[in-house]
Amino acid sequence: MSLSENLNRRWMEMEESGMEFDVIVVGAGLAGLVATAEIADAGKKVLLLDQEPDTSMGGQAWWSFGGLFLIDSPEQRRMGIKDSKELARQDWLGAAGFDREDDEDYWGRKWAEAYIDFAAGEKRAWLHGMGVRFFPVVGWAERGGYLADGHGNSVPRFHIVWGTGPGIVEPFERRVREHMKNGLVEFLPRHRVDDLITSNGAVTGVSGSVLVPSSAARGEDSNREVAGSFEYSAKAILVSSGGIGGNHDLIRKNWPSRLGEPPQQMLSGVPAYVDGRMLAITEEAGGRIVNRDRMWHYTEGIKNWNPIWNKHGIRILPGPSSIWLDARGQRFQAPNFPGFDTLGTLEAIKKTGYDYSWFILTKKIIKKEFALSGSEQNPDLTGKSIRKVLGRAIGDAPAPVKAFMDKGEDFVIADNLADLVKGMNNLTGENLLNFADIERQIKARDREIDNKFTKDLQITAMRGARHYIGDQLIRVAPPHKILDPKNGPLIAVRLNIVSRKTLGGLQTDLSGRVLNELGNPVPGLYAAGEVSGFGGGGVHGYRALEGTFLGGCLFTGRVAGRSIAAELK
């Protein structure tokens, strides 16, 4: 029997049996899997729906680098990092900049406080109990560069899951599939929810389209051909369908004026199914969307030379040493250095009137400092190979980085600066870069290397970072002169804006219940993950500290799942 025939037979059997469910979960990403597992653990029957094929279970999380925000962890202490809940709270609030606390930020702030408690408390032990392990070197993301109470992580907190994204998805997928075997979970892929059914002000079910089975591999575009329709009811409905990162039209519609004009050219850091459909559908059913203007997009995107989805962009996770120039070749001002302030640099780029910028660096820097975001770009960590991971400290540039140097259209490599600038101009065809001006700026920077002290704050930051043993080992190259031939060849990378996360979303209380415009819970309706702004309609406020997106899915999925299970008792 073919896959199509098998799915159709199963669907008809369910229809004929009048099968009843306690809960319907819409979206089989990480938040949906966590919630489903928690609800089924409590003995309740769950129907899990997703518009994609079975192969896409785990959603965006599967593709991630697997970074998690933890506070005062054993990994931090072993690296000599002194962290505390108080320091993390200071950093979170400084990054978030909550300024709508009487309204749109009210519940986001409460979720932030609860999440900080979770990250400093049982989060690691909970995951460890399911077999999740961490790479021993803690990463330092979003370094800030402002005052102590401003944006950024004061200390490294980015804990990479051993196995990256697939490693964090696996224990929850395993739990869900075990419940599928024991009859507590029914998973129906290729079921696209088109409406939430309401009765007397309560959400009581879902209806939608059964899509034609698809052989698309994980992340690839699947067809949207409709084969039939469905309708199911339950005592509670949980929406965990993700954000808008794959829908560039919706991104541009919600783009905040504070970040300049929306980009005309943009790469996608997520598959096309991250389309935001369920946000509008849930709003139509009475849910309130808040903080629509808050979003998180990266500035260090490169076109994937081997794309899986349309406009597939990969983010460079840079160390702090590359020279960052705008499209006209002008160096960005402090603290717009690589890895310091994602949205601050995005704003600076958009103010130039262009959608791209440049890194100029050396072979010494790329060997030490370039990592690529994504499970598929880190086969050593994803494959849990200790031998290959050791190569990051003592070897050449990682193989995926080398592949982009050889095959990626955004890379230019040359033995001297004149040829490099010529290649950069040829790449864009705009001839915006002046060799003499770029040479002047880099020579000025190089003169600052002669002393251990400097007025160049980027060099100060590089030297400061190397006081942290993790950066010294695998993340930050020894400061050196860019134009010294012994450090070459020279490398230029065109950096594109790459879409990623929705920071606003459905407003939820601390039980995961979706609220309406009056601030009251919509009976029967819950939300978790990115669709809820990772908690409360915006747990991050304006800016994220990184490692908090996967963690937000874990936390909101767990809270909502346990709340629903308790309510159904």
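Considering only segment 49-58, I want to know if a residue exists there that is surrounded by 23 or more Cβ atoms within 10 Å (Cβ to Cβ), in a loop (DSSP other than H, G, I, E, B) and either within 16 Å of the chain's Cα centre (by Cα) or charged (D, E, K, R) (or both). Within segment 49-58, one or more residues are surrounded by 23 or more Cβ atoms within 10 Å (Cβ to Cβ), in a loop (DSSP other than H, G, I, E, B) and either within 16 Å of the chain's Cα centre (by Cα) or charged (D, E, K, R) (or both). Being surrounded by fewer than 12 Cβ atoms within 10 Å (Cβ to Cβ) and in contact with a Phe, Trp or Tyr (Cβ under 9 Å, 6 or more places away or on another chain) is the filter; apply it to segment 376-408 and report the residue that is farthest from Trp309 (Cα to Cα). Result: Asp406. Residues that are open to solvent by 40 Å² or more (accessible area, probe 1.4 Å) and free of Cβ contacts under 8 Å to residues at least 60 places away in the same chain were ranked within segment 198-214; the one that is nearest to Asn306 (Cα to Cα) is Ser199. Is it the case that Ser357 is over 21 Å from Arg315 (Cβ atoms) and either without any contact (Cβ under 8 Å) to a residue 24 or more places away in the chain or not hydrophobic (A, V, I, L, M, F, W, C) (or both)? It is false that Ser357 is over 21 Å from Arg315 (Cβ atoms) and either without any contact (Cβ under 8 Å) to a residue 24 or more places away in the chain or not hydrophobic (A, V, I, L, M, F, W, C) (or both). Against the condition in a helix (DSSP H, G or I), modelled with pLDDT of 95 or more and either over 29 Å from Arg218 (Cβ atoms) or among the aromatic types (Phe, Trp, Tyr) (or both), how does Gly353 come out, does it pass? So Gly353 fails the test.
The residue of segment 323-343 that is surrounded by the fewest Cβ atoms within 10 Å (Cβ to Cβ), among those that are within 17 Å of Ile360 (Cα to Cα) and polar (S, T, N, Q), is Gln333. Scanning segment 99-109 for any residue that is acidic (Asp, Glu), open to solvent by less than 20 Å² (accessible area, probe 1.4 Å) and out of contact with any Cys (no Cβ under 9 Å at 6 or more places or on another chain) turns up at least one such residue. For segment 366-375, filtering for residues that are touching a Gly at 6+ places or on another chain (Cβ under 7 Å), closer than 26 Å to Gln458 by Cα and open to solvent by less than 40 Å² (accessible area, probe 1.4 Å) leaves 1. The lone criterion from (1) open to solvent by 40 Å² or more (accessible area, probe 1.4 Å); (2) closer than 22 Å to Glu376 by Cα; (3) part of a strand (DSSP E or B); (4) not small (Gly, Ala, Ser) left unmet by Glu170 is number (3). The residues of segment 311-350 that are of a type in the set (A, V, I, L, M, F, W, C) and in a strand (DSSP E or B), listed by number, are Ile314, Ile316, Leu317, Ile323, Trp324, Leu325. The residues on offer are Val185, Val161, and the sole one that is in contact with a strand residue (DSSP E or B) (Cβ under 9 Å, 6 or more places away or on another chain), under 30 Å from Arg288 (Cα atoms) and not polar (S, T, N, Q) is Val185.
Per the conditions (1) assigned to a loop (DSSP other than H, G, I, E, B); (2) among the small types (Gly, Ala, Ser); (3) open to solvent by less than 20 Å² (accessible area, probe 1.4 Å), the sole criterion not satisfied by Gly301 is (1).
Among the residues of segment 191-201, are any in contact with a strand residue (DSSP E or B) (Cβ under 6 Å, 6 or more places away or on another chain), of a type in the set (Ser, Thr, Tyr) and at pLDDT 95 or above? No: zero hits.
Restricting segment 215-249 to residues that are open to solvent by 50 Å² or more (accessible area, probe 1.4 Å) and polar (S, T, N, Q), the residue that is farthest from Gly205 (Cα to Cα) is Ser215. In summary, Thr460 fulfils each of the numbered conditions (1) touching a strand residue (DSSP E or B) at 6+ places or on another chain (Cβ under 9 Å); (2) closer than 17 Å to Ser321 by Cα with the single exception of condition (1). Among the residues making up segment 173-197, those that are without any contact (Cβ under 8 Å) to a residue 40 or more places away in the chain, in a helix (DSSP H, G or I) and over 30 Å from Asn378 (Cα atoms) are Met180, Lys181.
Of all the criteria given as (1) in contact with a Leu (Cβ under 9 Å, 6 or more places away or on another chain); (2) open to solvent by less than 10 Å² (accessible area, probe 1.4 Å), the one not satisfied by Arg315 is (2). Set side by side, the residues Met79, Met130 differ, and just one is surrounded by fewer than 16 Cβ atoms within 10 Å (Cβ to Cβ), among the aliphatic types (A, V, I, L, M) and in contact (Cβ under 8 Å) with a residue 24 or more places away in the chain, which is Met130. Considering segment 371-463, the qualifying helices (runs of 4 or more DSSP H), each wholly inside and each with 2 or more residues that are hydrophobic (A, V, I, L, M, F, W, C), run over 386-394, 399-407, 417-428, 435-447.
Just to be sure, is Asn451 polar (S, T, N, Q), more than 25 Å from Gly152 (Cα to Cα), open to solvent by 20 Å² or more (accessible area, probe 1.4 Å) and free of Cβ contacts under 8 Å to residues at least 12 places away in the same chain? When the stated conditions are applied, Asn451 passes them.
Among the helices (runs of 4 or more DSSP H) confined to segment 61-162, there are none with at least 1 residues that are farther than 26 Å from Ser532 by Cα and under 20 Å from the mean Cα position of the chain (by Cα).
In segment 550-565, the residues that are closer than 15 Å to Lys235 by Cα and β-branched (Val, Ile, Thr) form Cβ pairs under 9 Å with partners that are open to solvent by 10 Å² or more (accessible area, probe 1.4 Å) and assigned to a helix (DSSP H, G or I), at six or more places apart or across chains, as follows: Ile564/Glu38. Kindly indicate whether any position in segment 267-281 is of a type in the set (A, V, I, L, M, F, W, C), free of Cβ contacts under 8 Å to residues at least 60 places away in the same chain and either open to solvent by less than 20 Å² (accessible area, probe 1.4 Å) or assigned to a loop (DSSP other than H, G, I, E, B) (or both). Yes, segment 267-281 has at least one match. Close Cβ contacts (under 9 Å, 6 or more residues apart or on different chains) running from residues in segment 381-398 that are closer than 14 Å to Pro166 by Cα to residues that are loosely packed, with under 15 Cβ neighbours inside 10 Å comprise Lys384/Arg133.
The values are calculated or read from the model by the stated rules, or taken from the named source; none is laboratory data. Not measured: the values here are computed from a predicted model. Every residue, glycine as well, gets a Cβ built from its backbone with ideal geometry; the counts of neighbours run over all protein chains shown. We work out accessible area using only protein heavy atoms, side chains counted, and drop any ligands, DNA or RNA first. Shrake-Rupley method; radii C 1.70, N 1.55, O 1.52, S 1.80 Å.
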